[in-house]
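Each reported figure results from applying straightforward, stated rules to the coordinates on display, with no laboratory input. These figures come from a predicted structure and were not determined experimentally. When we count neighbours, we look across all protein chains shown, and the Cβ atoms used for this are built from the backbone with ideal geometry, even at glycine.
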Amino acid sequence: MILVVGGAGYIGSHLIKELVNSEKVIVLDNLSMGHDESVD
Ligand SMILES: NC(=O)c1ccc[n+]([C@@H]2O[C@H](COP(=O)([O-])OP(=O)(O)OC[C@H]3O[C@@H](n4cnc5c(N)ncnc54)[C@H](O)[C@@H]3O)[C@@H](O)[C@H]2O)c1
C-alpha cells in the first residue's frame with residue numbers, strides 16, 4: 001500500500017494512474033491547489 005501526498009495535483013494524479021495497476025493507493029491532499037475530480 002502506498003500513500004501519495006498531493007495526489008490530486010498534476011504530478012500526483014499522473015503517478016496514481018500508473019500505481020493503481022499494481023498497488024493499493026491512498027491519497028492525502030488538502031486541495032489547496034489540486035482538484036478532487038483528478039482522483040477516483
Ligand atoms: N497541465 C500542465 O502541464 C501542468 C499543470 C499543473 C502543473 N504543471 C507543472 O507541474 C509542476 C507542479 O506539479 P505538482 O504536482 O508538484 O504541483 P500541484 O500543485 O499540481 O500539486 C500539488 C498538490 O499538493 C497538494 N498539497 C499542497 N500542500 C499540501 C499539504 N500541506 N497537505 C496535503 N496536500 C497538499 C495540493 O492541493 C496539490 O493537489 C510544475 O512544474 C508545474 O508547472 C503542469
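Taking the Cα centre of the chain as the origin, how large is its charge dipole in debye, to the nearest 20, when only Lys and Arg (+1) and Asp and Glu (-1) carry charge on their Cβ atoms? Spell out each step's value before the answer.
On the way: 2 positive and 6 negative charges, 22 e Å.
I would put it at about 100 debye.
Here the chain was treated as a single set of alpha-carbon atoms; its pair distances binned every 10 Å from 0 give 36, 56, 7 percent.
For helix 10-19, report the angle its Cα long axis makes with the longest principal axis of the Cα atoms of the chain; keep it between 0 and 90° and round to the nearest 10°. Around 20 degrees separate the two axes. Near Val4, the amide H atoms lying under 5 Å from its own belong to Ile26, Val27, Leu28; only residues 5 or more places off or on other chains count, and H is placed 1.01 Å from N. Normalised by the number of residues in the chain, the mean separation of alpha-carbon contacts (under 8 Å, six or more apart) gives a relative contact order of 54 percent.
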